[in-house]
Amino acid sequence: MATAELIRIVSRSSPMALAQVERVRAELAALHPQVRTEVVPVTTSGDRWMGDLARLGGKGAFTKEVDAVLLAGEADLAVHCLKDVPADRPLPAGTVFAAYLHRDDIRDALVHPGGLTLDELPPGARIGTSSVRRRAQLAASHPHLECVPMRGNANSRLAKLAAGAADALLLAVSGLERIGEPDRISEILPPETMCPPIGAGILALQCREDDAATIEAVAGLGDHPTWREASAERMFLHVLQGHCNSPIAGYAKAEPDGRLSLRGRVFSPDGKQVLDAHEWAGSLTPEDLGTATALALKRQGASELIAAIPH
């Protein structure tokens, strides 16, 4: 089968998105030195809009324009943060994930200019975040702190923090590493304290499903344990049918010996209700593990909790 000679990579134009593309280009160059790559940048409605994401139709606001460029044949490959790709509906018809790169750190980090930890922040300290997942968990664990809405890419949030719009930020460790700012981290929060979003730390490579040459070229970048974790997590989210205002968190873990587990959590927005499930795959497929974990939460009332949240 002919491998692609030129791969055009469509990407959001934020510094982090472009850093992610550079990682893909470097890994492709190492695997297929003969393949050339070029970047097709787009600015998505999610990047332009600084209001409530739910009013744009949720997470799809970051992927819609990228999908359109790919489907129009103006690019061959899209690089997505998997956590930004909606799982409550299938990928756009005609596209497929060809590979998931080796997973980065799934944890969240506190960024505080004075180096304080979450437990050291004084009552009333303002945490900049627009994430319903982070807000619900902070309300449960640190109700004395105040969350102030803050959207925008990581670089712009760091600038807003410096300008005094908040006292501290919660950002993904992997994101801070990708933009070269790991020194900003004052505390890394374990998943027990701040359960990550579904798909945290995973870069997904999306192609047109009829583009065999590109799929062939990028498939070798895929990481099998990451594929297993991603498959379980996305099926978990799909079965729960959460919307963008439902605080859902969770992560799968593929052990070196092949065992696979999934921890899933659903919160009420005020953090007062927390549903928790932790399942092991045993002989189940990753997808079946995702389904089983979602059903365990549904038995605890997850569907009713999610349905009661306005969106």
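The values are calculated or read from the model by the stated rules, or taken from the named source; none is laboratory data. None of the values given here were measured: they were computed from a predicted structure. With ideal geometry, Cβ positions are generated from the backbone for all residues, glycine too; neighbour counts draw on all protein chains shown.
Restricting attention to region 21-43, the residues that are out of contact with any Ser or Thr (no Cβ under 7 Å at 6 or more places or on another chain) and part of a helix (DSSP H, G or I) total 8. Residue check: is residue 307 without any contact (Cβ under 8 Å) to a residue 40 or more places away in the chain and either within 21 Å of the chain's Cα centre (by Cα) or closer than 15 Å to residue 232 by Cβ (or both)? Against the criterion (without any contact (Cβ under 8 Å) to a residue 40 or more places away in the chain and either within 21 Å of the chain's Cα centre (by Cα) or closer than 15 Å to residue 232 by Cβ (or both)), residue 307 does not qualify.
Of 187, 229, all but one fail to be under 27 Å from residue 18 (Cα atoms), among the acidic types (Asp, Glu) and surrounded by 23 or more Cβ atoms within 10 Å (Cβ to Cβ); the exception is 229.
Residue 267 falls short on exactly one of the conditions (1) out of contact with any Pro (no Cβ under 6 Å at 6 or more places or on another chain); (2) over 21 Å from residue 99 (Cα atoms), and that condition is (1).
Of all residue pairs spaced 6 or more apart or on separate chains, those with beta-carbon atoms under 9 Å, a first member in region 241-254 that is farther than 20 Å from residue 301 by Cβ and a second member that is buried (at least 24 other Cβ atoms within 10 Å of the Cβ) and aromatic (Phe, Trp, Tyr) are 252/236.
What do you reckon, is residue 109 touching a Lys or Arg at 6+ places or on another chain (Cβ under 9 Å), of a type in the set (Gly, Ala, Ser), modelled with pLDDT of 95 or more and over 24 Å from residue 43 (Cα atoms)? Talk me through it step by step, then tell me what you get.
Values: touching a Lys or Arg at 6+ places or on another chain (Cβ under 9 Å): yes; of a type in the set (Gly, Ala, Ser): yes; modelled with pLDDT of 95 or more: yes; over 24 Å from residue 43 (Cα atoms): yes.
Criteria met by residue 109.
Within region 134-155, if we keep just the residues that are of a type outside the set (Lys, Arg) and within 18 Å of the chain's Cα centre (by Cα), the residue that is nearest to residue 244 (Cα to Cα) turns out to be 136. Of all the numbered requirements in (1) more than 16 Å from residue 96 (Cα to Cα); (2) not in a helix (DSSP H, G or I), residue 210 misses one, and that requirement is (1).
Yes/no matrix, rows are residues, columns are (1) in contact with a Pro (Cβ under 8 Å, 6 or more places away or on another chain); (2) surrounded by 16 or more Cβ atoms within 10 Å (Cβ to Cβ); (3) under 22 Å from residue 154 (Cα atoms):
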{"residue": "68", "(1), (2), (3)": "no, no, no"}
{"residue": "78", "(1), (2), (3)": "no, yes, yes"}
{"residue": "87", "(1), (2), (3)": "no, yes, no"}
{"residue": "98", "(1), (2), (3)": "no, yes, no"}
{"residue": "104", "(1), (2), (3)": "no, yes, yes"}
{"residue": "110", "(1), (2), (3)": "no, yes, yes"}
{"residue": "117", "(1), (2), (3)": "no, no, yes"}
{"residue": "125", "(1), (2), (3)": "no, yes, yes"}
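Out of region 44-90, which residues are in a loop (DSSP other than H, G, I, E, B), on the phi < 0 side of the Ramachandran plot and modelled with pLDDT of 90 or more? Spell out the reasoning first.
We begin by selecting, within region 44-90, every residue in a loop (DSSP other than H, G, I, E, B); these are 44, 49-52, 57, 63, 72-76, 85-90.
Narrowing the set further to residues that are on the phi < 0 side of the Ramachandran plot leaves 44, 49-52, 63, 72, 74-76, 85-90.
72, 74, 75, 76 - these are the residues of region 44-90 that are in a loop (DSSP other than H, G, I, E, B), on the phi < 0 side of the Ramachandran plot and modelled with pLDDT of 90 or more.
Taking residues in region 1-22 that are outside the structural domain of residue 69 (by TED's automatic domain parsing), and partners anywhere that are among the aromatic types (Phe, Trp, Tyr) and at pLDDT 90 or above, not one pair has Cβ atoms closer than 8 Å while being at least 6 places apart or on different chains. For region 271-283, a residue qualifies if it is more than 22 Å from the chain's Cα centre (by Cα) and touching a residue at least 24 places away in the same chain (Cβ under 8 Å), and the qualifying residues are 272, 273, 281.
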